[in-house]
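Chemist: Before anything else, here's the structure in question.
Please treat every number below as a calculation from the coordinates, not as lab data. Computed from a predicted structure; not experimentally measured. Cβ sites come from the backbone with ideal geometry, for glycine too, and all protein chains shown count toward neighbours.
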Amino acid sequence: MKKPVILYPFISILILLWIEQGIEVTYIWKTLAKIILFAVLPLIYIIRMNGNILNKQQLKKSHLVDPFILGFLTMVTIMGAFILFRNQIDLATLKMDLETRVGVNMSNFPFVALYILFGNSFLEEFFFRGWLVDLLQKTKWQWYMPSFLFAIYHIAIFLPWFDWPILLIAVIGLLIGGLLFQWLNKASGTIYPGWIVHISADIGVLIIGIYMFYFN
């Protein structure tokens, strides 16, 4: 692994955070930037290095049992946490920020939700639990840096929405989730088990989004 390459995850995350918080662009442009930084450029690197991170081993049905169980528990945990901390979350401000800064509203929410479930979740798994884990293989950072960067990346997204206590809980949850995803992936040698849990977590978040946009 060449030292300049390891700087790429930090640079790409900083660019995305700047786009997220520093400039006013539509959700589509943010998505395109994320696709380029989290998928296109890493894929070019993989092709040049003759690598393959999607299916190193054969994915068996037994590898999917734990992800579906843990995915369901994760979804329930997220919804339970929302119910528990509901009074500490300003849904009106959150909804306004999504509509004005992010560009998500009642009309496009169903389409954004589908992208988040299957597109965004895969991009993040490919980047953090696929490409980055592969990049750091055989180093002491392989287990910790992907989860750390995964959490840091989401801080700037959550920052306008939550007070510090809830933000801290969210970051800890993301750190633990990242480690859990990697642990699940290790048995199969693919990113798909972690992706299943990621999708399940997003289902919990999107159910909260449905409540916020349509029933609150």
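Chemist: Per DSSP H run of n ≥ 4, the term is -39500 (n - 2.57); total these for the chain, divide by its residue number, and report the mean residue ellipticity at 222 nm rounded to 500 deg cm²/dmol.
Modeler: Working: 11 runs with 139 residues, N = 216.
Value at 222 nm, helices only, nearest 500: -20000 deg cm²/dmol.
Chemist: Moving to a separate point now. Pairs of alpha-carbon atoms within less than 8 angstrom and 6+ residues apart define the contacts here; what relative contact order does the chain have, in percent?
Modeler: Numbers: 193 pairs, mean separation 77.5, N = 216.
Once normalised by length, the contact order is 36 percent.
Chemist: Which of the peptides 169-176, 150-157 is most tightly packed, and how do the rest follow, judged by the mean count of other Cβ atoms within 10 Å per residue?
Modeler: Packing order, densest peptide first, comes out as 150-157, 169-176.
Chemist: Which net charge results when you count Lys and Arg as +1 and Asp and Glu as -1 among the other residues whose beta-carbon is under 13 Å from that of residue 67? All intermediate terms of the calculation are to be shown ahead of the outcome.
Modeler: Details: positive: 60, 61, 129, 186; negative: 66, 125.
Neighbourhood net charge equals +2.
Chemist: Can you give the local net charge around residue 211? Use residues other than it whose beta-carbon is closer than 13 angstrom to its beta-carbon, Lys and Arg +1, Asp and Glu -1.
Modeler: +2
Chemist: Show me the helices of the chain, taken as full DSSP H stretches, that run 20 Å or more along their long axis by Cα and average 0.5 or above in Kyte-Doolittle hydropathy.
Modeler: TM-like helix candidates: 3-21, 62-84, 164-188, 192-210.
Chemist: As a quick test, which of the pairs 60/95; 34/138; 95/186; 95/140; 30/60 have an alpha carbon distance above 30 angstrom in this structure?
Modeler: With Cα atoms farther than 30 Å apart: 60/95; 95/186; 95/140; 30/60.
Chemist: May I pose another question? Note down the net charge around residue 159, summing +1 for each Lys or Arg and -1 for each Asp or Glu among other residues with Cβ under 14 Å from its Cβ.
Modeler: In short, -3.
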